[in-house]
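The values are calculated or read from the model by the stated rules, or taken from the named source; none is laboratory data. Just so you know, these numbers come straight off a predicted model, no measurement behind them. Cβ placement follows ideal geometry from the backbone for every residue including glycine, while neighbour counts extend to all protein chains displayed.
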Amino acid sequence: MSRTATTVLGAPAERREAREKAAGHARYAAEHTPSGCAYGWPVPAAVARGRVTALGTADVLAMPGVIAVLTHENAPRLGEPDDPTLRLLQDDRVPHRGWHIALAVADTLENARAAAAALRVDYETEDHDVRLTARHPGLYTPEEVNGGFPAVRERGDFDGAYDSADVRVDAAYDLTALHNHPMEPHAATAHWHDGRLTVWDSSQGSGSVRDALAQLFGLDRKQITVVSEHVGGGFGSKGTARPPVVLAAMAARHTGRPVKVSLPRRQMPAVVGHRAPTLHRVRLGAGADGRITALAHEVVTQTSRVKEFVEQAAVPARVMYVSPNSRTVHRVTALDVPTPSWMRAPGETPGMYALECAMDELAVATGLDPVALRLRNEPDTEPDSGLPFSSRHLGECLRRGQDLFGWQRRDPRPGATREGDLLIGSGVAAGTYPVYVVPSSASAHAGPGGVHRIRVNATDIGTGARTVLAQIAAEALNVPLDSVTVEIGSSDLPRAPLAGGSSGTASWGWAVHKACSQLAGRLADLSGELPSEGVTVTADTREETGAEPAYARHAFGAVFCEVQVDTVTGEVGVRRMLGVYAAGRILNARTARSQFIGGMTMGIGMALMEGSTMDERFGDFAERDLASYHVPVCADVRSIEAQWIEEDDPHLNPMGSKGIGEIGIVGTAAAVANAVRHATGVRLRNLPLTPDKVL
Ligand code: MOS
């Protein structure tokens, strides 16, 4: 049964590729095997800093099935990339442990793996420094931080206002590095033929991978096709081209055969980005009524020696609360560590952990209820820019959430609720994530027999992008949903941005909406006389998306959480969690809920079990697989629910949507930590809250 267009947008439509995925027919990047395909296995550096001085390539070439060993001595020369993490096998430097220094290529995966393991590598080592401290001598203030934000913002007189405040909170929070670990590891299959390069890559945006390959291999973009049809998650780690696709293309050029490189999970922590560790100091000064008069959020973080990436963790403090006198600062140092990058809501996730725990500390210090404290500090305009909000319903999220959660029944005294060995507590935190939109193009085609085809190089990383784009098209064309087919996931399709920054649906959807609206107009002009070849319209949104925004645009949310703390084992369990979001119009109730609770689940992981610790002696992350890097499983997530406010915001895009991919993780870890403090009366400021910390 087809739905009519008036109900299609917002409906809980099922994922279009659901059956294909469940039946195993959906093919991921590593599942394309052109005839004659060889297999590459990367060799990671075994030292944290130094030079490769000798390689036992000849011995390995004599092993069964080995076709080639690519190293800096024989690999194809690459053009200078914008992203220096892709400058692979070009020289003998080892900038961090795990950096790829060779690629073994063989006829089978097993032979490639054996060859990589057997390769003898001699190094000249140098002392390494992988330890981040708040007083690291290498700390500097960068020009800007991730997202293009200024590293430092000062408004008013923070020091004066803080010194004269009635109530002061001054707290430090340390967050460990975190790793994205999507279910599907990074993989690519590359094939050169007739001077063209075709790759299947596990990527969040095949357009930017194609651009990177063009730069590296000195090709015209038209000579390259990158396909990312089905992608098993990325959380930001697949937002840029990664070593597998570059190594596969190099090896395919070198050997003259198609080559597949599937990154072993244990190599991922070193080469596909991660959330950098952050050290926070938050100071809040307030009147006795809880109204904030002074706010400082100072962040110290690290980057690698390969590339500067600065986690913008103090940026959300510029958005959240009334703060006439504020200071937000980032400082960074380059260490001999892997290069950090985007991980789900970079900046907001660690920043809002610290800020929302500090707000909880201010609630305790002022004796105010944590919800009431936040409501008291709602700003009229965005504190940093002074711009009006396009819409801001954080207050509604908090109020709706406290009703649904039963917050009013909470005994504010810490440690007051006990069930046998268990201490029970509840906590709340707010979340925010900016609205990003990027120019996109798309085409819409109407053919005989009432069929409609949308083409746009969107990527579905498991979110349901295909499905929601079909809904947007059906609504704009005023046709049944099942008359619309959607082609995405190839750089040969109309150019479109990556699935990142929670901007995908807004960006692609705007172009789809525009193309479909124009197509509907053309069809109306033809009054039923459709030519046999049909009608095709291509549209792009450069103009619409280019204007300087007159409004501050952000999604908001409030997370409520109840925990139990086992006083015997130190285990923390989340008993129930509720998120209430204000994220514009929700375009698919089913996939949106999945996005929200997926983000919240990742926030539970951050609060309770996820963490990458740096082994200082070896200069390496200690947790390099899912046996040691623990993520939440079903038993860790007992009751989790997401709700949303129907938000009508005319300043976004024709669909009225804000992004929903990242807001769910923001604030969640703080809600858990605040609940643990309420349960126990003890404030633990460093995550994850593993039993060793809790006991
Ligand atoms: Mo998201 S971290 O922008 O893919």
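Annotations
- Elements of type strands (runs of 3 or more DSSP E) contained in segment 16-72, each with 3 or more residues being among the β-branched types (V, I, T) and in contact (Cβ under 8 Å) with a residue 40 or more places away in the chain: 66-71
- Every residue from segment 522-531 that is without any contact (Cβ under 8 Å) to a residue 40 or more places away in the chain and either in the same structural domain as G667 (by TED's automatic domain parsing) or part of a loop (DSSP other than H, G, I, E, B) (or both): S527, G528, E529, P531
- Matching option when the condition is among the hydrophobic types (A, V, I, L, M, F, W, C) and in contact with a His (Cβ under 7 Å, 6 or more places away or on another chain), among A22, A48, A38: A48
- Counted residues, segment 240-251 - those being within 16 Å of the ligand (Cβ to nearest atom) and surrounded by 24 or more Cβ atoms within 10 Å (Cβ to Cβ): 2
- Members of segment 385-406 found to be within 14 Å of P370 (Cβ to Cβ) and among the small types (G, A, S), listed by number: G395, G401
- Residue check, T225 more than 16 Å from the ligand (Cβ to nearest atom), of a type in the set (S, T, Y) and surrounded by fewer than 21 Cβ atoms within 10 Å (Cβ to Cβ): yes
- Condition met for D482 (more than 16 Å from the ligand (Cβ to nearest atom), surrounded by fewer than 24 Cβ atoms within 10 Å (Cβ to Cβ) and in a loop (DSSP other than H, G, I, E, B)): no
- Cβ pairs under 6 Å, 6+ apart, first in segment 225-250 and in contact (Cβ under 8 Å) with a residue 24 or more places away in the chain, second away from the ligand (no atom under 16 Å from the Cβ) and polar (S, T, N, Q): T225/T198; T225/S491; V226/S491; V227/S490
- Conditions (1) surrounded by fewer than 17 Cβ atoms within 10 Å (Cβ to Cβ); (2) touching a residue at least 40 places away in the same chain (Cβ under 8 Å); number of the one not met by Q408: (2)
- Candidate set from segment 631-660 (those that are β-branched (V, I, T) and part of a loop (DSSP other than H, G, I, E, B)); member that is nearest to N588 (Cα to Cα): I660
- In the set (1) outside any loop (DSSP other than H, G, I, E, B); (2) within 16 Å of the ligand (Cβ to nearest atom), A496 fails one condition alone, (1).
- Condition check for L519: in a helix (DSSP H, G or I) and surrounded by fewer than 24 Cβ atoms within 10 Å (Cβ to Cβ): no
- In segment 337-355 there is at least one residue matching the filter, namely being modelled with pLDDT of 95 or more, assigned to a loop (DSSP other than H, G, I, E, B), closer than 29 Å to W99 by Cβ and away from the ligand (no atom under 16 Å from the Cβ).
- Residue within segment 388-399 that is outside any loop (DSSP other than H, G, I, E, B) and of a type in the set (S, T, N, Q) present: no
- A residue that is within 18 Å of G509 (Cβ to Cβ), among the small types (G, A, S) and in contact with a strand residue (DSSP E or B) (Cβ under 8 Å, 6 or more places away or on another chain) occurs nowhere in segment 563-582.
- For S639, the test of being of a type in the set (G, A, S) and without any contact (Cβ under 8 Å) to a residue 60 or more places away in the chain is failed.
- Tally, over segment 660-683, of residues that are within 14 Å of the ligand (Cβ to nearest atom) and surrounded by fewer than 24 Cβ atoms within 10 Å (Cβ to Cβ): 0
- In segment 532-593, counting only strands (runs of 3 or more DSSP E) that sit wholly within it, the ones holding 1 or more residues that are outside the structural domain of E14 (by TED's automatic domain parsing) and surrounded by fewer than 16 Cβ atoms within 10 Å (Cβ to Cβ) span 572-582.
- Test for I645: is it of a type in the set (V, I, T), away from the ligand (no atom under 16 Å from the Cβ), in contact (Cβ under 8 Å) with a residue 40 or more places away in the chain and within 23 Å of A506 (Cβ to Cβ): yes
- For segment 191-222, a tally of residues being within 16 Å of the ligand (Cβ to nearest atom) and surrounded by fewer than 24 Cβ atoms within 10 Å (Cβ to Cβ) returns 2.
- Matching residues in segment 480-498 - criterion: being of a type outside the set (K, R) and touching a Gly at 6+ places or on another chain (Cβ under 7 Å): S483, S491, A496, P497, L498
- Meets criteria (within 25 Å of P448 (Cα to Cα), at pLDDT 95 or above and basic (K, R)) for R495: no
- Note on segment 298-336: among residues that are aliphatic (A, V, I, L, M) and within 15 Å of the ligand (Cβ to nearest atom), the one that is surrounded by the fewest Cβ atoms within 10 Å (Cβ to Cβ) is V310.
- Residues of segment 499-513 satisfying the condition of being more than 16 Å from the ligand (Cβ to nearest atom) and either in a loop (DSSP other than H, G, I, E, B) or among the aliphatic types (A, V, I, L, M) (or both): A511, V512
Listed here are the residues, each with its yes/no results for (1) assigned by TED's automatic domain parsing to the domain that holds G218; (2) surrounded by 16 or more Cβ atoms within 10 Å (Cβ to Cβ); (3) in contact with a Gly (Cβ under 8 Å, 6 or more places away or on another chain); (4) within 26 Å of V246 (Cβ to Cβ).
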| residue | (1), (2), (3), (4) |
| --- | --- |
| A151 | no, yes, no, no |
| R155 | no, yes, no, no |
| G160 | no, no, no, no |
| V167 | no, yes, yes, no |
| D170 | no, no, no, no |
| T189 | yes, yes, no, yes |
